[in-house]
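Each remark here refers to the structure printed beneath this line.
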Amino acid sequence: MELSISDNDFLDAFDKINTFDVDTHGKNKLDLFVLKINANEFNYQNLQQKLLEPMANYSLSRIIKEQYKNKPMELSKKAREKFIDHSNNKGELGELLLYCFLESHLKAPKILSKLELKTSRNMYVNGADGVHYLKLKNGDYQLIFGESKIEKQLTSGLTNAFKSINKFKREVGKSGINYEKSLISDHISKETFSDKEKKFIENIIYPKKENNFEVDDAFGIFIGYEISISDNDKALLNQDFRNKIKQKVEQEVYSKLRHIESKINDYNLQGHNFYIYVLPFTELDKTRKSITKSITS
């Protein structure tokens with residue numbers, strides 16, 4: 001029994017730069033993407049277009065989507081209403097992008113997102129940014145808890161992401177792994193259609209002795225950060241510009257791998273798998289607001 005993954009063309013908005021092994025065992029992966037480049041600029045309009053369809057899949061439960069499947073305009077309105085006002089919202093774009101990468105790239109279906117639990121545009125929900133599951137090649141499963149950060153500095157974004165994950169695992173504050181699992185259990189009727197699907201998810205959340213598979217907790221991380229591009233670089237030939245920007249971000253992200261490994265060790269998180277996605281932006285604050293406004297207005 002498997003849940004379906006939303007079929008969309010989200011990844012067409014990007015060029016994949018590299019996949020880095022964060023540790024010597026090849027256990028933790030960092031996937032680096034850059035947006036498609038058009039005339040020496042990141043193509044944000046293309047990204048905005050690619051986010052419209054997955055936004056509904058991310059923010060609304062499967063049952064709500066089923067109820068409005070023949071009313072696309074109403075479905076779109078309900079999805080947009082879940083987002084906080086774009087001028088104040090600094091987190092939900094990262095949460096949406098993390099969802100898209102986990103579903104489209106990792107092929108890890110969503111079990112629950114915090115956005116669908118919101119009862120108003122201005123309501124924040126504590127805890128993980130979303131919960132997905134991943135079936136491994138050996139037949140076992142991972143329950144993936146999401147954490148996203150969009151910050152100007154790559155290092156601070158990574159540092160704060162692992163700091164949040166440590167608090168989440170240690171259940172510091174109002175949320176934690178057990179809290180998340182109870183949320184899923186309480187809201188599972190909103191996310192499944194059949195008794196088989198419900199039983200399948202419950203067996204992943206709370207493994208039973210009769211299960212023929214193991215389940216481990218893992219984490220998905222999205223980091224958006226700011227890069228600056230000089231006027232001289234903007235004047236380069238298009239292909240030279242593409243090559244230079246890709247080389248620049250690859251070198252910068254590669255230089256942070258040891259920092260990531262040190263945070264995993266510092267917080268004693270070595271037993272978990274980490275799936276990390278990194279994406280650079282120009283003029284971060286302005287761009288974030290513009291993208292969020294475009295997909296929610």
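The values are calculated or read from the model by the stated rules, or taken from the named source; none is laboratory data. On a predicted model such as this, the values are computed, not experimentally measured, just so you know. Cβ coordinates were reconstructed from backbone atoms using ideal geometry, including for glycine residues, and neighbour counts include every protein chain displayed. What goes into the accessible areas is simple: the full protein's heavy atoms, side chains included, and nothing from ligands, DNA or RNA. Shrake-Rupley method; radii C 1.70, N 1.55, O 1.52, S 1.80 Å.
Accessible surface comparison of V172, V215, probe 1.4 Å, protein chains only, largest first: the order is V172, V215. Using a cut-off of 28 Å between Cα atoms, the listed pairs K137/K289; K110/K289; K110/K169; K27/K286; K36/K149; K36/K263 include K137/K289; K27/K286; K36/K263 as exceeding that distance.
Near the amide H of N18, within less than 5 Å, lie the amide hydrogens of L32, all on another chain or at least 5 residues away, with H placed in the peptide plane. Using 12 Å as the cut-off for backbone N distance, which residues of segment 133-176 belong to the label zone defined by a point 7 Å from the Cα of Y267 along Cα→Cβ? From segment 133-176, the list is 145-149, 157-172. Take the chain with all the other protein chains still there, run a 1.4 Å probe, and you get 48 Å² of accessible area per residue.
Put simply, when 271-278, 255-262 are sorted by average Cβ atoms within 10 angstrom per residue, most first, you get 271-278, 255-262. Counting only Cα atoms, the size of segment 142-259 along its three principal axes is 62, 32, 26 Å, in decreasing order.
Pairs of Lys residues in segment 198-250, spaced 8 or more positions apart or belonging to different chains, with C-alpha separations under 19 angstrom: 7 in total.
From the Kirkwood radius over Cα pairs of segment 6-112, Stokes-Einstein at 10 °C and 1.306 mPa s returns a whole-number translational diffusion coefficient of 102 µm²/s. Computed over the chain, the convex hull of the alpha-carbon atoms projects to a mean area of 15.8 nm². Within the accessible area of the chain, the carbon and sulfur atoms contribute 45%, probe 1.4 Å, all protein chains present.
Kirkwood hydrodynamic radius of segment 188-252, from the reciprocal of the average inverse Cα-Cα distance over all distinct pairs: 16.8 Å.
For segment 246-297, a Kirkwood radius taken over Cα pairs fed into Stokes-Einstein (20 °C, viscosity 1.002 mPa s) yields D = 156 µm²/s. If R0 is taken as 30 Å, the Cβ-Cβ distance between K248 and D217 corresponds to a FRET efficiency of 0.30. For I150, the amide hydrogen comes within under 5 Å of the amide hydrogens of G224, counting only partners 5 or more places away or on other chains and with H modelled in the peptide plane.
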